[in-house]
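Only one structure is covered here, and it is reproduced in the block below.
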Amino acid sequence: MAKSLKLVIFDCDGTLVDSQHMIVRAMTRAYGAHGIPLPEKETLLSVIGLSLVEAFTKLGNGATDFPAESLAERYRDAFHSMRGPGAPVEPLYPGAADAIKALPRRQDVALGIATGKSQRGVRLVLGHHGLLDHFVTIKTADDAPSKPDPGMVIHAMRDAGVDAANTIVVGDTVYDIAMARAAGASAVGVTWGYHRAAALAEAGAFAVIDEFPILVPTLEKMWTA
């Protein structure tokens, strides 16, 4: 009897790629263009994982006159300008490529992406690192509401033909964990990104890991259990 297909959905920023320097630089330009004081770096990093408008809205503490949409547009412009010919692309975290290449070797595993990036942005970075073809489904802020809404996971499961019981989300923020749980899926938190281990565990991660080489064994234990 064939094994049930399993879907592993990865977040991108803070999970697969270390993008904090580019994100902070783009946010700095966006705030500078509006003449608004820049929040502390830790505060900026805390909203990574949300879609842009939602991230800036959170940074504005709910103020009705805060220009979240305009800041988001300025951020997009700044990020686009940093992607010129020969410009650096966000680096992979150590072990990320090995894990992504190893998992699909199991014939019962498919990979997906759920990210606050745009389709253009995530496909550029995955293509740059030669990983794009390993993913059967890619869902972004262009396709569904911002995390922690479960829409991206639900759409990815539908694309792959996999149910929630056989889906695991891997991410570095509480938004990833909450998104997974809202979709009925399990989640693995990673500590090399932007939220702390205790917060990931409190949000409901089934497991929290500190380095990429532990991921595949952790997933295998979850599937065996």
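The values are calculated or read from the model by the stated rules, or taken from the named source; none is laboratory data. Keep in mind it's a predicted model, so treat the numbers as computed, not measured. In this analysis, Cβ positions are derived from the backbone assuming ideal geometry, glycine residues included, and neighbour counts consider all displayed protein chains. In case anyone asks, the SASA skips ligands and DNA or RNA and just uses the protein heavy atoms, side chains included. Shrake-Rupley method; radii C 1.70, N 1.55, O 1.52, S 1.80 Å.
When peptides 212-223, 114-125, 168-179 are ranked by their average number of other Cβ atoms within 10 Å per residue, the highest-first order is 168-179, 114-125, 212-223.
Assuming charge only on the beta carbon of Lys and Arg (+1) and of Asp and Glu (-1), the dipole of segment 53-159 about its Cα centre is about 320 debye to the nearest 20.
Peptides 45-55, 70-80 ranked from most to least packed give 45-55, 70-80, packing being the mean of other C-beta atoms within 10 angstrom over each peptide's residues.
About its Cα centre, the chain has a charge dipole of approximately 360 debye under the convention of +1 per Lys or Arg Cβ and -1 per Asp or Glu Cβ, with nothing else charged.
For segment 72-115, the Cβ-based charge dipole about the Cα centre amounts to some 80 debye (Lys, Arg positive; Asp, Glu negative; other atoms uncharged). Of the residues T57, A99, P88, the one whose Cα sits farthest toward the positive end of the charge dipole of segment 49-107, with +1 on the Cβ of Lys and Arg and -1 on the Cβ of Asp and Glu, is A99.
Round to a whole number: what % of the accessible area of the chain belongs to carbon and sulfur, probe 1.4 Å? Exposed carbon and sulfur together represent 51 percent of the surface.
For the chain, the share of DSSP beta bridges that are antiparallel, to the nearest 5, is 5%. Only DSSP H runs of four or more residues enter the estimate; each adds -39500 (n - 2.57), and after division by the residues of the chain the mean residue ellipticity at 222 nm equals -12500 deg cm²/dmol. Dividing the Cα radius of gyration of segment 81-164 by its Kirkwood radius returns 0.99 for Rg/Rh. Couplings for segment 169-177, taken from phi via the Karplus curve 6.51 cos²θ - 1.76 cosθ + 1.60 with θ = phi - 60°, read 9, 10, x, 9, 10, 5, 5, 5, 5 Hz in order; Gly and Pro are left as x. For the peptides 82-91, 199-208, the ranking by packing is 199-208, 82-91, with the highest mean count of neighbouring Cβ atoms within 10 Å listed first. If you bin all the Cα-Cα distances of segment 148-225 at 10 Å, starting from zero, the percentages per bin are 21, 51, 27, 1. The Cα trace of segment 15-112 gives Rg and Dmax of 16.6, 53 Å, the first to one decimal, the second as a whole number. When the chain is described by a simple charge dipole with +1 on each Lys and Arg Cβ and -1 on each Asp and Glu Cβ, the residue from P150, T218, L5 located farthest towards its positive end is L5.
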